[in-house]
Amino acid sequence: MKTFVLICICIAGFTAQASAQKQVRKDIRTGNKEYKQEKFTDAEVDYRRALEANARSSDAAYNLGNALYKQGKGQESLEQYQVVTGNETDKSKLSMAWHNTGNVFLASAKDQQGNMNNEALKNSIEAYKKALRIHPKDDETRYNLALAQKLLQDNQDQNQDQDQNQQQQQQQDQQQQQNQNQNQQQEQQQDQQQQNPNEMSRQNADQILDAMMQEEKNTQEKVKAKQMQQQRQRKTEKNW
């Protein structure tokens, strides 16, 4: 009796599982149909319903990622591709998941101002490389990889040029500031001289004083020499 009950339970379990798988496939087919009609929001609903029935369905996760990507939900689509790359063993599906992962990073590399994000480009390159390791003959992946590598190289070169230009500009600004400071100092000195035209510097005053003292000394020496000459003349004169 117990054996019979156990068998009945197993049969019921298999039946429920088969019914769930059947519903998953139905939801995926419905989602695929809506996806082709570009009804991406409706397709998202069906793919999510399929994942609720079987959370490990790589087909549902991959297709959901595509539907989310078409709606501009890059981060959410990336999460679904990561589910595939983490669970799937089929090489073809793995290659496609890594390829689309690269597409998500590549699309997010450029912001609204047109600036490129090197980190996103590097992530896209790594994803494309993983896809090519699985499927080396995928020309589309190879093309996207070459594009991402070129964008990264161009952006790095542009950043390097910008850094050099910034350094040159900083040097020019510093030189200009120094010139302005020198001009200000010269103007201040000129203003002080104009405000005190009769004021002599200490050095000039010392020079003038030294010259006057030397002149006075020379005069005194001349006077002494003349006096001595007169005295000698008096001694040599004869009285008549």
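The values are calculated or read from the model by the stated rules, or taken from the named source; none is laboratory data. Computed from a prediction, not measured in an experiment: that's the story for all the values here. Heads up, the Cβs are rebuilt from the backbone with ideal geometry, glycines too, and the neighbour counts pull from every protein chain shown. Side chains are part of the model used for accessible areas, which takes the heavy atoms of the whole protein and leaves out ligands, DNA and RNA. Shrake-Rupley method; radii C 1.70, N 1.55, O 1.52, S 1.80 Å.
Can Ala55 be described as open to solvent by 60 Å² or more (accessible area, probe 1.4 Å), at pLDDT below 95 and of a type in the set (A, V, I, L, M)? Against the criterion (open to solvent by 60 Å² or more (accessible area, probe 1.4 Å), at pLDDT below 95 and of a type in the set (A, V, I, L, M)), Ala55 qualifies.
So that you can scan it fast, the table gives a plain yes or no per residue for (1) touching a strand residue (DSSP E or B) at 6+ places or on another chain (Cβ under 8 Å); (2) under 17 Å from Gly74 (Cβ atoms); (3) among the small types (Gly, Ala, Ser):
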| position | (1), (2), (3) |
| --- | --- |
| Gly86 | no, no, yes |
| Lys91 | no, no, no |
| Ser95 | no, no, yes |
| Asn123 | no, yes, no |
| Glu126 | no, yes, no |
| Ile134 | no, no, no |
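When Asp59 is tested against (1) over 28 Å from Asn159 (Cβ atoms); (2) charged (D, E, K, R); (3) within 37 Å of the chain's Cα centre (by Cα), just one condition goes unmet, and that condition is (3). The number of residues in the range 93-134 being open to solvent by less than 60 Å² (accessible area, probe 1.4 Å) and in a loop (DSSP other than H, G, I, E, B) comes to 2. Here Glu79, Glu34 are screened, and the one residue that is surrounded by fewer than 16 Cβ atoms within 10 Å (Cβ to Cβ) and either modelled with pLDDT of 95 or more or not in a helix (DSSP H, G or I) (or both) is Glu79.
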